[in-house]
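The structure appears right after this line, and notes come after that.
The values are calculated or read from the model by the stated rules, or taken from the named source; none is laboratory data. Predicted, not measured: the structure shown is a model, and the values here were computed from it. Note that we place each Cβ from the backbone using ideal geometry, even for glycine, and neighbour counts take in every protein chain shown. Surface accessibility is based on the protein's heavy atoms, side chains included, excluding ligands, DNA and RNA. Shrake-Rupley method; radii C 1.70, N 1.55, O 1.52, S 1.80 Å.
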Amino acid sequence: MHPISAASPPRSVSSKRLLPWLVAVAFFMESLDTTILNTAVPVVSEALGVAPLSMKSVLASYTLSLAVFIPISGWMADRFGTRRVFASAIGLFTLGSVLCGVASDIHLLVACRILQGCGGAMMVPVGRLTLVRTFDKSELIRAMSFVAIPGLIGPMLGPIAGGLIVGYLQWRFIFFVNLPVGIAGLILVYLHLPDYREENVKPLDVVGLILFGSGVALLSYVLEIFGEHTLSLGEIIGLLAISVALILGYGLHATRVAFPLLDLTLFRIRTFSAAVSGSFFTRLGIGGVPFLLPLLYQVGLGFTPVQSGLLIMPQAAAAMSTKFLMPKILDRIGFRGVLISNTIILGILLMLFATIGAATPIWVIVLLAFGYGAFTSLQYTSMNTMVYADIPDDKASNGSSIASTMQQMSISFGVAAAGLTTALFIPAASGSNAGEMIGGLHEALLVLGGFTLLSTVVFHRLKRGDGENETRQKDLHLG
């Protein structure tokens, strides 16, 4: 490890105590923003004059931007210092939020969401890095546990907050609420955030960033436009071939440079490979659910945005309230047993969402949402913890970058895949009525549920006893 210099360590004991709060606020902004817009999709699409399914690009562009820029966040912090990068991240995120709020068409909104994602990509990793370099190991677990809480509260408040804003104010306030928080965050960063940087910084893999970033961005674009008839089949196949070639080109490039953007040699570790690839395919199936359910509830069933948010809220409430049970479940059943059985349950639950109609009692929807939230939480916790089961300590940072990048990619692709699947079952989606929308969303949920069931194949690579040391020696990784 290269020596670390603290150009400006914590100024006082109070600054050190405030640091977890500052990082927690940034985490809350980022986690809230991933869900607050979902409930408002039907209202925003109507205001911008586009079909609801076209809004998938607004949601996917944010997570895709996170995936592209997360890998360089550590290098940026080492090169320019944690304070400058963290402040720039909050500034970019806040600026992107304001620009989203004044956007007049969907194309501008997508561009501003990308800018917002650039800031979000830096906030979370650099915040964690600052905590690691500030607190001793004996204090770090408490600090990390504290800042993980907003990651659970944000998704819980997001759907209802989005519903309340579009129900009683105006959809643009979804983005404007980040302005006062961002300004306060910038002030606190200047006053309290320590400034760490490495004395000897590894060179940035610029070629790798271009190959990887352009490849995944183009692939996401192809998934989003497929089925909208804006390009011919030949053009789509051509773009798909180019995106695959760029990604494969990065894979070849990564084996030939000393410091690749993402160290793909970690995939030789069986548990890491199974956890990351299994997580990717599972999230492809379930990643589009936060996009589909508000459409089902509002466009299909006629619920208000507030009612829709309340129906989605039990998912996050279940995820947060069942976290304390995770270690006991994993210790009793084991990671392999949990991941295989839990993935099957999630696939079945997705298919059960496809039975929701006008005659479905509200208590059934709430119960289904709570169960889905609990099992999703168990799935994410198991997958994220298994990532670190057999990784050497000196490779943990690289492993975390890969896992975070793949996670955001799968969420972005999951939203695009959900929109694509729905569009295939709804001809001329922009003019479809409520009945057609319900039918198309039901078909999409059945397909995504089936895909989730198939993703269990990846977890069969795990062996009994894998991850036991994680449950005994380390905190389970949330998210």
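Observations on the model:
- Any hit, the stretch 231-239, residues being over 27 Å from ASP263 (Cα atoms) and in contact (Cβ under 8 Å) with a residue 24 or more places away in the chain: no
- In the stretch 357-467, counting only helices (runs of 4 or more DSSP H) that sit wholly within it, the ones holding 3 or more residues that are at pLDDT below 85 and of a type outside the set (Gly, Ala, Ser) span 362-386, 396-425.
- The lone exception for LEU240 - which of (1) surrounded by 15 or more Cβ atoms within 10 Å (Cβ to Cβ); (2) under 23 Å from GLY120 (Cβ atoms); (3) not basic (Lys, Arg) it fails: (2)
- For SER382, the requirement of being open to solvent by 20 Å² or more (accessible area, probe 1.4 Å), among the hydroxyl-bearing types (Ser, Thr, Tyr) and out of contact with any strand residue (DSSP E or B) (no Cβ under 6 Å at 6 or more places or on another chain) is not met.
- Against the test of being in contact with a His (Cβ under 9 Å, 6 or more places away or on another chain) and open to solvent by 30 Å² or more (accessible area, probe 1.4 Å), the options PHE375, PHE425, PHE451 yield a single qualifying residue, PHE425.
- Test: residue in the stretch 216-228 that is over 30 Å from PRO155 (Cβ atoms), in a helix (DSSP H, G or I) and either of a type in the set (Val, Ile, Thr) or touching a helix residue (DSSP H, G or I) at 6+ places or on another chain (Cβ under 7 Å) (or both): no
- Filter result for the condition that a residue is under 23 Å from ARG83 (Cβ atoms), open to solvent by 50 Å² or more (accessible area, probe 1.4 Å) and part of a helix (DSSP H, G or I), over LEU204, LEU191, LEU252: LEU191
- Of all residues in the stretch 58-93, those that are among the hydroxyl-bearing types (Ser, Thr, Tyr), out of contact with any Gly (no Cβ under 6 Å at 6 or more places or on another chain) and closer than 23 Å to ALA403 by Cα total 4.
- Candidates PHE69, PHE28, filtered to the one that is modelled with pLDDT of 85 or more and either in contact with a His (Cβ under 8 Å, 6 or more places away or on another chain) or open to solvent by 20 Å² or more (accessible area, probe 1.4 Å) (or both): PHE69
- Cross-chain or 6+ apart pairs with Cβ under 9 Å, the stretch 439-455 first and within 11 Å of ALA418 (Cβ to Cβ) and among the aromatic types (Phe, Trp, Tyr), then surrounded by 24 or more Cβ atoms within 10 Å (Cβ to Cβ) and modelled with pLDDT under 90: PHE451/GLY285; PHE451/ALA417
- Elements of type helices (runs of 4 or more DSSP H) contained in the stretch 285-335, each with 3 or more residues being open to solvent by less than 30 Å² (accessible area, probe 1.4 Å) and either in contact (Cβ under 8 Å) with a residue 12 or more places away in the chain or aromatic (Phe, Trp, Tyr) (or both): 289-294, 305-321
- Against the list (1) at pLDDT 85 or above; (2) within 24 Å of the chain's Cα centre (by Cα); (3) of a type in the set (A, V, I, L, M, F, W, C), the condition PHE226 fails is (1).
- On inspection, VAL244 passes the criterion of being at negative phi and at pLDDT 90 or above.
- Flag if SER61 is among the polar types (S, T, N, Q) and over 14 Å from the mean Cα position of the chain (by Cα): no
- Condition met for LEU48 (farther than 16 Å from GLY300 by Cα and open to solvent by 10 Å² or more (accessible area, probe 1.4 Å)): yes
- In the stretch 257-281, the residues that are assigned to a loop (DSSP other than H, G, I, E, B) reach residues that are surrounded by fewer than 15 Cβ atoms within 10 Å (Cβ to Cβ) and not charged (D, E, K, R) with C-beta atoms within less than 7 angstrom, at least six apart or across chains, in these pairs: PHE259/PRO203.
- Filter result for ILE348 (open to solvent by 40 Å² or more (accessible area, probe 1.4 Å), farther than 20 Å from ALA444 by Cβ and of a type in the set (Val, Ile, Thr)): no
- Residue that is nearest to the chain's Cα centre (by Cα) [pool: residues in the stretch 229-286 that are of a type in the set (D, E, K, R) and within 30 Å of ARG336 (Cα to Cα)]: ARG283
- Counting only residues that are within 30 Å of GLU46 (Cα to Cα), out of contact with any helix residue (DSSP H, G or I) (no Cβ under 7 Å at 6 or more places or on another chain) and of a type in the set (S, T, N, Q), the stretch 83-141 holds 1 of them.
- Helices (runs of 4 or more DSSP H) within the stretch 70-178 that include 2 or more residues without any contact (Cβ under 8 Å) to a residue 12 or more places away in the chain and over 24 Å from PRO52 (Cα atoms): 137-168
- Within the stretch 72-113, considering residues that are among the small types (Gly, Ala, Ser), surrounded by fewer than 21 Cβ atoms within 10 Å (Cβ to Cβ) and closer than 24 Å to ILE165 by Cβ, the one nearest to the chain's Cα centre (by Cα): ALA111
- Qualifying residue in the stretch 49-72 (condition: under 29 Å from LEU223 (Cβ atoms) and basic (Lys, Arg)): yes
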